[in-house]
Amino acid sequence: MGYLTKYGTLWGNFPSFAGRTFWVGPGSSTVTTTIVDGRTVTMSDNNDGLSPERPLATITQALTNATASAQDAIVLMPGTHNASTQTGQTAAAALAFSKAGVTVIGLPYDPGYSRFGQRPQAIITSAAATVPAVVTAADVTFLNVGFLAPTGQSAMTYVLASNRLTVRGCHFDLTVGGASTAGMTATATLAPTDLLVEDCIFDVDNTGTSGSFALNVGAAKRFLVKGCRFRFSAQG
């Protein structure tokens with residue numbers, strides 16, 4: 001739900017969805033406030049999250065509040081959304097995107113200028129030894145989201161049930177290096193259908209130990225990879 005600011009502009013309007021829009025701040029057990037329209041607002045999982053002035057503190061709570069297959073959207077406010085430090089999460093927990101039909105959106109940025117330091121405004125990451133995002137439901141979409149992979153982990157994994165997974169305009173930072181640091185990785189040889197990865201950037205550190213796959217589609221069926229760029233540190 002958008003609202004009219006004191007400047008006469010609309011804040012909170014994103015591409016139209018039939019479902020609800022939940023706003024999530026980069027909250028944690030120690031970070032509880034953020035700035036919206038020049039005002040300090042409290043991030044809390046006790047908020048309804050339906051306005052940027054009442055943001056939730058965790059993606060986990062937004063996924064709990066969302067309704068599967070109802071075209072609900074989760075908007076990630078600027079900052080680092082750490083799967084391992086969110087309130088109510090354990091240190092070893094990944095973010096499980098287990099609600100079908102949910103769209104996860106970061107605020108707009110220009111991926112064309114990523115080589116000059118432009119990055120998505122919202123980053124999903126986790127502590128060492130934890131995969132930040134695990135997609136286990138169908139029809140999940142990510143738009144304008146950054147993923148920072150910890151050393152030796154994939155930034156995102158997906159499974160057989162992740163049919164019609166769409167990842168568009170996202171950035172995968174794999175520059176922590178390590179032989180097994182990866183981007184998007186299919187679990188084993190599972191075969192989700194209709195995978196779409198479009199206009200994404202994969203930054204890989206290959207100056208030392210050989211890296212893992214930036215994008216591993218596994219045994220996915222009818223997949224399309226379009227307009228993506230794969231950059232290696234040793235090549236500038």
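The values are calculated or read from the model by the stated rules, or taken from the named source; none is laboratory data. All values reported here derive from a predicted model rather than from experimental measurement. Using ideal geometry, Cβ is built from the backbone for each residue, glycine included, and neighbour counts are taken over all protein chains shown. Only protein heavy atoms, including side chains, enter the accessible area calculation; ligands, DNA and RNA are left aside. Shrake-Rupley method; radii C 1.70, N 1.55, O 1.52, S 1.80 Å.
Being open to solvent by 30 Å² or more (accessible area, probe 1.4 Å), modelled with pLDDT of 85 or more and more than 16 Å from the chain's Cα centre (by Cα) narrows it down to one of N216, N206, so name that one.
Numbers: N206 fails: modelled with pLDDT of 85 or more.
Result: N216 is the single residue among N216, N206 that is open to solvent by 30 Å² or more (accessible area, probe 1.4 Å), modelled with pLDDT of 85 or more and more than 16 Å from the chain's Cα centre (by Cα).
Can you tell me which residue in segment 141-160 is surrounded by the most Cβ atoms within 10 Å (Cβ to Cβ), limited to those that are aliphatic (A, V, I, L, M) and touching an Asp or Glu at 6+ places or on another chain (Cβ under 9 Å)? Walk me through it before giving the result.
Applying the first criterion (aliphatic (A, V, I, L, M)) to segment 141-160 yields 143, 145, 148-149, 155-156, 159-160.
Subsequent filtering for residues that are touching an Asp or Glu at 6+ places or on another chain (Cβ under 9 Å) retains 148-149, 155.
Values: L148: 19, A149: 30, A155: 27.
Among them, the one singled out is A149.
Can V176 be described as in contact with a Pro (Cβ under 8 Å, 6 or more places away or on another chain) and surrounded by fewer than 21 Cβ atoms within 10 Å (Cβ to Cβ)? Steps first, please.
Values: in contact with a Pro (Cβ under 8 Å, 6 or more places away or on another chain): yes; surrounded by fewer than 21 Cβ atoms within 10 Å (Cβ to Cβ): yes.
Answer is yes for this residue.
Determine the pairs where a residue that is at positive phi, located within segment 181-204, has a partner that is not in a loop (DSSP other than H, G, I, E, B) with Cβ atoms under 9 Å apart, the partner being 6 or more residues away or on another chain.
Partner pairs satisfying both residue conditions: D194/T166; D194/K221; D194/L224; D199/P111; D199/R168; D199/K226; D199/R229.
Of the residues F22, F97, which single one is open to solvent by less than 20 Å² (accessible area, probe 1.4 Å), over 18 Å from T166 (Cβ atoms) and at pLDDT 90 or above?
Details: F97 fails: over 18 Å from T166 (Cβ atoms).
After ruling out the rest, the residue left standing is F22.
Any residue at all in segment 184-196 that is of a type in the set (D, E) and assigned to a strand (DSSP E or B)? If you could, list the steps in order and put the result at the bottom.
First, pick out the residues of segment 184-196 that are of a type in the set (D, E): 194.
Pick out the ones that are also assigned to a strand (DSSP E or B) and you get none.
There is no residue in segment 184-196 that is of a type in the set (D, E) and assigned to a strand (DSSP E or B).
Looking only at segment 118-140, filter to residues that are surrounded by fewer than 18 Cβ atoms within 10 Å (Cβ to Cβ) and not small (G, A, S); which one of those is farthest from G106 (Cα to Cα)?
Residue satisfying both the conditions and the ranking: T136.
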